[in-house]
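Visitor: After the structure tokens below, expect a handful of questions from me.
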Amino acid sequence: MIIVSGCLSGNNSFYNVAYKVNGRIKKLVDENKAIPVCPELLGGLPVPREQSEIKNGTGLDVLEKKSKVITETGRDVTKNFMDGALATLELAKRHKVKKAIFKSRSPACGCGEIYDGSFTGKLRKGDGVACALLKINGIEVISAD
């Protein structure tokens, strides 16, 4: 069993309600080979919601309390992202998950690169909060890209 970003499997979880269905990931979910998750929803954020980015850091920096997750209007949603990452990890442990396929560039699921916190579309190397927490706990995370 693996976990996958819920928005890629057709779940209505993407921040602006836009669907980002990935046919291969949806097929894994439909065949009960993958569990769809959205760390942002698990952390208590609604759909739709403001776009969020990690300010001055990466998901690892957020976990180490060196950075925060901020919305476009400046609201601090770090706690939601932390709670969602922890809930995602608990789900992964409960199902003995060893691998995740996550949406790229997301402040929660991003794997390898994320938006830089300027809300200008610029990218930086690093992982989202949930991705970083899973990796720290020995779960392999790959980007859906």
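Visitor: In the set VAL141, VAL129, which member is in contact (Cβ under 8 Å) with a residue 40 or more places away in the chain and touching a Cys at 6+ places or on another chain (Cβ under 6 Å)?
Guide: None of the others qualify; the one that does is VAL141.
Visitor: Only one of (1) closer than 20 Å to LEU8 by Cβ; (2) touching a Phe, Trp or Tyr at 6+ places or on another chain (Cβ under 6 Å) is not met by GLY84, so which one is it?
Guide: Failed condition: (2).
Visitor: Additional query: Residues that are in contact (Cβ under 8 Å) with a residue 24 or more places away in the chain, in contact with a strand residue (DSSP E or B) (Cβ under 9 Å, 6 or more places away or on another chain) and under 11 Å from ALA130 (Cα atoms): does the range 62-76 have at least one?
Guide: Yes.
Visitor: Next question, about the same structure. Could you grab me the full set of residues in the range 1-15 that are under 11 Å from ILE35 (Cα atoms), of a type outside the set (S, T, N, Q) and in contact (Cβ under 8 Å) with a residue 40 or more places away in the chain?
Guide: MET1, ILE2, ILE3, VAL4 - these are the residues of the range 1-15 that are under 11 Å from ILE35 (Cα atoms), of a type outside the set (S, T, N, Q) and in contact (Cβ under 8 Å) with a residue 40 or more places away in the chain.
Visitor: Could you go through the range 113-123 and let me know if any residue there is of a type in the set (D, E, K, R) and touching a residue at least 60 places away in the same chain (Cβ under 8 Å). Can you show your working first?
Guide: The initial filter retains those residues of the range 113-123 that are of a type in the set (D, E, K, R), namely 113, 116, 122.
Next, only the ones that are touching a residue at least 60 places away in the same chain (Cβ under 8 Å) stay: 116.
Yes, the conditions are met somewhere in the range 113-123.
Visitor: Only one of LYS26, LYS20 is open to solvent by 20 Å² or more (accessible area, probe 1.4 Å) and either among the aromatic types (Phe, Trp, Tyr) or in a loop (DSSP other than H, G, I, E, B) (or both). Can you tell me which? Don't jump to the end; show me each part of the working.
Guide: On the way: LYS26 fails: either among the aromatic types (Phe, Trp, Tyr) or in a loop (DSSP other than H, G, I, E, B) (or both).
None of the others qualify; the one that does is LYS20.
Visitor: Can you pull out every residue in the range 1-17 that is modelled with pLDDT of 90 or more and either of a type in the set (A, V, I, L, M, F, W, C) or not in a helix (DSSP H, G or I) (or both)? Spell out how you get there, then give the answer.
Guide: Kept after step one, since they are modelled with pLDDT of 90 or more, are these residues of the range 1-17: 1-6.
Within the range 1-17, MET1, ILE2, ILE3, VAL4, SER5 qualify.
Visitor: Just to be sure, is SER5 buried (at least 20 other Cβ atoms within 10 Å of the Cβ), in contact with a Leu (Cβ under 6 Å, 6 or more places away or on another chain) and within 14 Å of ALA130 (Cβ to Cβ)?
Guide: Here the answer is no, as SER5 does not meet what is asked.
The values are calculated or read from the model by the stated rules, or taken from the named source; none is laboratory data. This is a predicted model, so every value here is computed, not measured. Don't worry about glycine lacking a Cβ; one is built from the backbone with ideal geometry, like all the others, and counts go over all protein chains shown. Accessible surface areas use protein heavy atoms only, side chains included; no ligands, DNA or RNA. Shrake-Rupley method; radii C 1.70, N 1.55, O 1.52, S 1.80 Å.
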